[in-house]
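Enquirer: Sharing a structure below in structure tokens format, with a few things to ask.
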Amino acid sequence: MRELEANPQLLWCCFLGTVLFLCILPCNIIAQTVLDEDFESYSVGSINGQNGWTVSSGSCSITSDSNQVNTGTKAARFLATNQTIVINKNSYSGSEAGIGGVLYVDLWVKINYVADKDFAINGYDLYGGSEKRAFVFEFDAPSDNRGDFRIYNGSVKTYVGQYN
């Protein structure tokens, strides 16, 4: 103790270290995976009814066509012919709080053809009966195998760049 009294810098460092330790101690850092799909365990054919996926309009099938697959042996293929396409995957029920804070997304999308419409991936907050859209990834109709990619956070549109 006398060493601390004789050296105010050492005393200050011990005090600061203790305060930092006490601030960090009660913090819980939790990471959770919301959706992790590689489609390898799925049966080739319609995705409807497989692992919580539902098809309301258009079609989505699991394919092993190597022209559609990025990694692995299977992929999901979305198709709409003169109609909207609505495919749902609910990771949480409306009675579960789900995630909060920052959401990180890593996905691979190959757009072979989009007629005159944009292609979008939407995320919804369904907690407590809400149907509030939380985010949108939007790919516009490509021209010369390139197109614009945008992200919406609520109603704010942010241009991210081009895809090809």
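Enquirer: Could you run through region 68-78 and say how many residues are surrounded by 12 or more Cβ atoms within 10 Å (Cβ to Cβ), in a loop (DSSP other than H, G, I, E, B) and of a type outside the set (A, V, I, L, M)?
Expert: Of all residues in region 68-78, those surrounded by 12 or more Cβ atoms within 10 Å (Cβ to Cβ) come to 68-69, 73-78.
If we keep only those that are in a loop (DSSP other than H, G, I, E, B) too, we end up with 68-69, 73-74.
Okay, now just the ones that are also of a type outside the set (A, V, I, L, M), so 68, 73-74.
Going through region 68-78 one residue at a time, the tally reaches 3.
Enquirer: Scan region 38-67 for residues that are on the phi < 0 side of the Ramachandran plot, part of a loop (DSSP other than H, G, I, E, B) and surrounded by 15 or more Cβ atoms within 10 Å (Cβ to Cβ) and jot them down.
Expert: If the condition is that a residue be on the phi < 0 side of the Ramachandran plot, part of a loop (DSSP other than H, G, I, E, B) and surrounded by 15 or more Cβ atoms within 10 Å (Cβ to Cβ), then TYR42, ILE47, GLN50 are the ones that fit.
Enquirer: What residue, among those in region 130-164 that are touching a Gly at 6+ places or on another chain (Cβ under 6 Å) and of a type outside the set (Phe, Trp, Tyr), is surrounded by the fewest Cβ atoms within 10 Å (Cβ to Cβ)?
Expert: So, considering only residues that are touching a Gly at 6+ places or on another chain (Cβ under 6 Å) and of a type outside the set (Phe, Trp, Tyr), the one surrounded by the fewest Cβ atoms within 10 Å (Cβ to Cβ) is ALA134.
Enquirer: Within region 1-16, identify whether any single residue is at pLDDT 50 or above, surrounded by 13 or more Cβ atoms within 10 Å (Cβ to Cβ), among the aliphatic types (A, V, I, L, M) and in contact with a Cys (Cβ under 9 Å, 6 or more places away or on another chain), and answer yes or no.
Expert: No, region 1-16 contains no residue that is at pLDDT 50 or above, surrounded by 13 or more Cβ atoms within 10 Å (Cβ to Cβ), among the aliphatic types (A, V, I, L, M) and in contact with a Cys (Cβ under 9 Å, 6 or more places away or on another chain).
Enquirer: A further question on this structure: For region 98-109, state whether one or more residues are outside any strand (DSSP E or B), surrounded by 10 or more Cβ atoms within 10 Å (Cβ to Cβ) and at pLDDT 75 or above. If you could, list the steps in order and put the result at the bottom.
Expert: Just the residues of region 98-109 that are outside any strand (DSSP E or B), to begin with: 98-109.
Filter once more, keeping what is surrounded by 10 or more Cβ atoms within 10 Å (Cβ to Cβ): 98-99, 103, 105, 109.
Then drop every residue that is not at pLDDT 75 or above, which leaves 109.
Yes, there is a match, as at least one residue in region 98-109 is outside any strand (DSSP E or B), surrounded by 10 or more Cβ atoms within 10 Å (Cβ to Cβ) and at pLDDT 75 or above.
The values are calculated or read from the model by the stated rules, or taken from the named source; none is laboratory data. From a predicted model like this one, the values you see are computed outputs, not experimental measurements. As a convention, Cβ positions derive from the backbone with ideal geometry for all residues, glycine included, and neighbour counts pool all protein chains shown.
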